[in-house]
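The values are calculated or read from the model by the stated rules, or taken from the named source; none is laboratory data. Values in this document were obtained by computation on a predicted structure and should not be read as measured data. Cβ placement follows ideal geometry from the backbone for every residue including glycine, while neighbour counts extend to all protein chains displayed. Quick note on the areas: whole protein, heavy atoms, side chains included, nothing else; ligands and nucleic acids left out. Shrake-Rupley method; radii C 1.70, N 1.55, O 1.52, S 1.80 Å.
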Amino acid sequence: MPLEVYINSVSQPSRTVLCYLKLSGIQYNVHEINIFAGEQRTDEFARINPFKSVPAIVHDGFNVWESGSIVAYLADAHNLDNQWYPKDIKIRARINSYIHWHHRGLREPILAYLRTKALAPKLFGAPEPTAEVEQGLIDGANKCLDTLTTLLADTHYVAKTQQPSIADLFAFHEISVAYNRQAFLESHPVVKAWFEEIAANPIVAEFEAIKDQILKKILG
Ligand SMILES: N[C@@H](CCC(=O)N[C@@H](CS)C(=O)NCC(=O)O)C(=O)O
């Protein structure tokens with residue numbers, strides 16, 4: 001069954017979906033959507049994802065959007081039961097709990113700092129944030145990394161699983177683009193050790209390298 005995958009290589013949820021596909025051995029055709037040129041905002045793309053964002057997939061003519069939903073759909077459609085999103089209902093519940101929290105709990109504060117401090121000034125000529133605004137953004141990022149430290153306390157993985165799961169990849173990809181990432185990791189040693197372990201996965205590293213190359217070109 002043909003699987004068309006619409007992503008952008010610098011998009012964090014796109015990289016989570018790409019990693020899941022590759023780690024699970026699923027064949028797919030990739031379509032790079034230039035979100036900086038607005039390719040996601042066309043009427044044609046809205047028929048694939050009504051929210052006009054990446055990632056999205058079309059599987060045998062059926063379209064699915066939202067990264068968490070895409071992973072769940074792919075696991076069911078391919079009858080997969082691997083460590084990344086296992087069938088065990090209790091492990092899945094823990095992973096789903098993390099993913100539901102993730103979008104606002106981790107992605108939003110980390111992205112807010114990156115957007116305000118780097119993306120908006122460099123790409124759209126927005127003014128640099130004031131020191132007070134920046135401190136608020138730093139506090140928000142620190143708070144979510146404190147929560148992550150608590151989550152990691154039991155098993156060393158964010159969904160309290162015994163092995164890394166898709167939840168770790170969701171979290172990893174957001175932190176990998178954090179503005180001033182090294183400073184945040186130094187002040188959160190438990191997160192740093194976990195981050196380095198996930199980064200060492202060769203498939204994660206492959207997509208990271210592509211993202212780093214593109215971001216270097218965009219942000220200098
Ligand atoms: N909650 C969505 C987030 C999707 C999202 O925000 N994608 C970004 C890239 S990381 C995007 O397409 N942005 C372009 C736009 O919103 O115009 C998911 O997890 O799939």
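Quick check: from the Cα gyration tensor, does the chain come out rounded (a/c under 1.5), prolate or oblate?
Oblate, since a/c reaches 1.5 and b/c is not below a/b.
Would you kindly derive the ³J(HN,Hα) couplings of segment 108-115 from the backbone phi angles with the Karplus curve 6.51 cos²θ - 1.76 cosθ + 1.60 (θ = phi - 60°), listing them in order in whole Hz, with x for Gly and Pro?
4, x, 5, 5, 4, 5, 4, 5
So what's the net charge close to residue 126: Lys and Arg +1, Asp and Glu -1, counting the other residues with Cβ under 14 Å from its Cβ?
+1
If ligands, DNA and RNA are left out, what is the accessible area of residue 45 with a 1.4 Å probe, given in Å² to the nearest 10?
Counting only protein heavy atoms, the figure is 10 Å².
For segment 1-116, which whole percent of the accessible surface, found with a 1.4 angstrom probe, sits on carbon and sulfur atoms?
Using a 1.4 Å probe with all protein chains present, segment 1-116 comes out at 51 percent carbon and sulfur.
With a 1.4 Å probe and all protein chains left in place, how much accessible area per residue does segment 14-60 have, in Å²?
50 Å²
Once you order the gyration tensor axes a ≥ b ≥ c over the Cα atoms, which shape class does segment 1-65 get: rounded for a/c under 1.5, otherwise prolate or oblate by comparing a/b with b/c?
It is oblate, given that a/c is not under 1.5 and a/b is not larger than b/c.
Rounded, prolate or oblate for segment 26-142? Axes are the square roots of the Cα gyration tensor eigenvalues, ordered a ≥ b ≥ c, and the cut-off for rounded is a/c under 1.5.
oblate
Sorted by mean Cβ packing within 10 Å, highest first, what order do the peptides 64-77, 108-121, 180-193, 10-23 take? Write down the numbers at each step before the final one.
On the way: 64-77: 19.4, 108-121: 17.9, 180-193: 14.9, 10-23: 23.1.
Peptide ranking by packing, descending: 10-23, 64-77, 108-121, 180-193.
If you roll a 1.4 Å probe over segment 117-175 with all protein chains in place, what percent of the accessible area is carbon or sulfur?
Answer for segment 117-175 is 56 percent, counting heavy atoms of protein chains only.
Given 52/192; 117/143; 90/192; 22/216, which pairs have Cα atoms separated by over 29 Å?
Cα-Cα > 29 Å for 52/192; rest within.
Keeping all protein chains in place, calculate the accessible area per residue for segment 80-161 (probe 1.4 angstrom), answer in Å². Can you show the working numbers first?
Working: 4570 Å² over 82 residues.
Using a 1.4 Å probe on heavy atoms only, each residue of segment 80-161 averages 56 Å².
Tell me the label-point distance for the pair residue 97, residue 186, using the 7 Å Cα-to-Cβ offset, in nm and rounded to one decimal.
In this crude label model, residue 97 to residue 186 measures out at 3.4 nm.
What number, in percent, do you get for the relative contact order of the chain if the mean sequence gap of Cα pairs under 8 Å and at least 6 apart is divided by its residue count?
So the answer I get is 21 percent.
Suppose all protein chains stay in the model; what accessible area per residue would a 1.4 Å probe give for segment 166-216, in Å²?
With the other protein chains kept in place, segment 166-216 gives 41 Å² per residue.
Helix check for the chain. Which DSSP H runs span at least 27 Å along their own axis by Cα, with a mean Kyte-Doolittle hydropathy no less than 0.0?
Values: long enough: 131-152 (31 Å, 0.27).
Counting only whole DSSP H runs, the qualifying helices are 131-152.
Scan around residue 85 for amide H atoms under 5 Å from its own, H built in the peptide plane at 1.01 Å from N, and keep only partners 5 or more places away or cross-chain.
166
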